[in-house]
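Some notes on the structure that comes next.
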Amino acid sequence: MRRPIIAGNWKMYKDMDEAVQLANEIKRGAYRIDNVEIILCPPFTNISEISEMTVESNIGLGGQNCHWEKEGAYTGEISVAMLKSVGCRYVIIGHSERRKYFLETDEIVGRKVNAAIAGGLVPIMCVGETLEEREAGKTLEVVKTQVTGGLKGLSADYLDKLIIAYEPVWAIGTGKTATPAQAQEVHAMIRKLLKELYSEEFSYSRRILYGGSVKPDNVLELMKEDDIDGGLIGGASLKADGFVDMIKITSSLYAEKGE
Ligand code: 13P
């Protein structure tokens, strides 16, 4: 069975004091849970502090973005090595907000995935269609292009820790969640595509997260779907109680499944 992941993407929220408090509450609330991989992706400025607080805990840390070069004159950017040096194990790549506001293309996403792995981080590569694309019946085509483009030229061995997050753009921050069936359809398509591109084994072992208005009251139904292996959560990850609830709900579900 694939180990489930509950990841919080804090986006551009929380100053240092707020972040420390939130991380502390999550750590306290989730400290007994060992069958869910818990990941927090705070703003860059807070990672170091949270890293010290979560050393030897069941919480892993991730960046929300990275640059593809090792270092250089790239004002305002953060390298993979910098993220590693403050305790990150993961990095979100190609989030739809990065694609939309910072014009990240599949080619850039691919370069970042490559850089993350080369530097020892686990990439969480995001894909997802806009509302117009869904309404035009292009969901599967769009997601297929994003997955194929982001992984172009990279081998299965190289990608052995890759995590994919399916986040339909129309469901992000809108309160409009994809139904479990809508999400499952795309997750199954991604898994099938990974089998075609790589192998059955690679496809089977990949974790594919769903993101887009995941909340305590819809997380269970989403996590019950065969190809949904966790959640990448924005708004609802900013309150400790709700986030811990989602971890616990997922933990109980997988405990029942025999994880
Ligand atoms: P919301 O959970 O706020 O919809 O955001 C999802 C997301 O973008 C996580 O990366």
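The values are calculated or read from the model by the stated rules, or taken from the named source; none is laboratory data. Predicted model, so just to flag it, every value in this text is computed and none were measured. Cβ placement follows ideal geometry from the backbone for every residue including glycine, while neighbour counts extend to all protein chains displayed. Note: accessible area is taken over every heavy atom of the protein model, side chains too, but ligands, DNA and RNA are not part of it. Shrake-Rupley method; radii C 1.70, N 1.55, O 1.52, S 1.80 Å.
For the chain, the residue among 45, 246, 72 whose Cα projects farthest onto the positive side of the dipole built from Cβ charges is 72. Pop out the carbon and sulfur fraction of the accessible area of the stretch 135-253 as a percent, whole number, probe 1.4 Å. For the stretch 135-253, the apolar C and S fraction of the accessible surface comes to 52 percent. Rounded to the nearest 10 square angstrom, residue 48 shows an accessible area of 50 square angstrom against a 1.4 Å probe. Ligands, DNA and RNA are left out, and with a 1.4 angstrom probe the accessible area of the stretch 1-158 is 50 Å² per residue. Per-residue SASA remark: residue 202, around 10 Å² accessible (1.4 Å probe; ligands, DNA and RNA not included). Ellipticity at 222 nm from helices only: DSSP H runs of n ≥ 4 in the chain, each -39500 (n - 2.57), divided by the residue count, give -13000 deg cm²/dmol. The alpha carbon radius of gyration of the stretch 7-58, expressed as a multiple of 2.2 N^0.38 Å, is 1.07.
Cα gyration tensor of the stretch 59-102, axes a ≥ b ≥ c as square roots of the eigenvalues: rounded (a/c below 1.5), prolate (a/b > b/c) or oblate? Oblate, since a/c reaches 1.5 and b/c is not below a/b.
Note that the stretch 141-151 has calculated 3J(HN,Hα) couplings of 5, 5, 5, 4, 5, 5, 5, 4, x, x, 9 Hz, one per residue in order, obtained from phi through the Karplus relation 6.51 cos²θ - 1.76 cosθ + 1.60 (θ = phi - 60°); glycine and proline are x.
Hydrodynamic estimate: the Kirkwood radius of the stretch 13-119 over Cα pairs, inserted into Stokes-Einstein at 4 °C and 1.567 mPa s, corresponds to D of 88 µm²/s. Taking the Cα centre of the stretch 132-221 as reference, the dipole from Cβ charges on Lys and Arg (+1) and Asp and Glu (-1) amounts to some 100 debye. Under the convention that each Lys and Arg Cβ holds +1 and each Asp and Glu Cβ holds -1, the size of the dipole of the chain around its Cα centre is about 140 debye. Counting Cα-Cα pairs of the stretch 147-234 in 10 Å increments starting at 0 gives whole-percent bin shares of 17, 50, 26, 7. First check a/c for the chain, with a ≥ b ≥ c the square roots of the eigenvalues of its C-alpha gyration tensor; if it is under 1.5, answer rounded, and if not, answer prolate when a/b is larger than b/c or oblate otherwise. Here the chain falls in the rounded category. Listed here are the pairs 70/100; 27/161; 112/224; 11/100; 176/215; which of them are more than 20 Å apart at the Cα? Result: 70/100; 27/161; 112/224 exceed 20 Å.
Calculate what fraction, in whole %, of the accessible area of the stretch 61-124 sits on carbon and sulfur atoms when a 1.4 Å probe is rolled over the protein chains.
Answer for the stretch 61-124: carbon and sulfur cover 55 percent of the accessible area.
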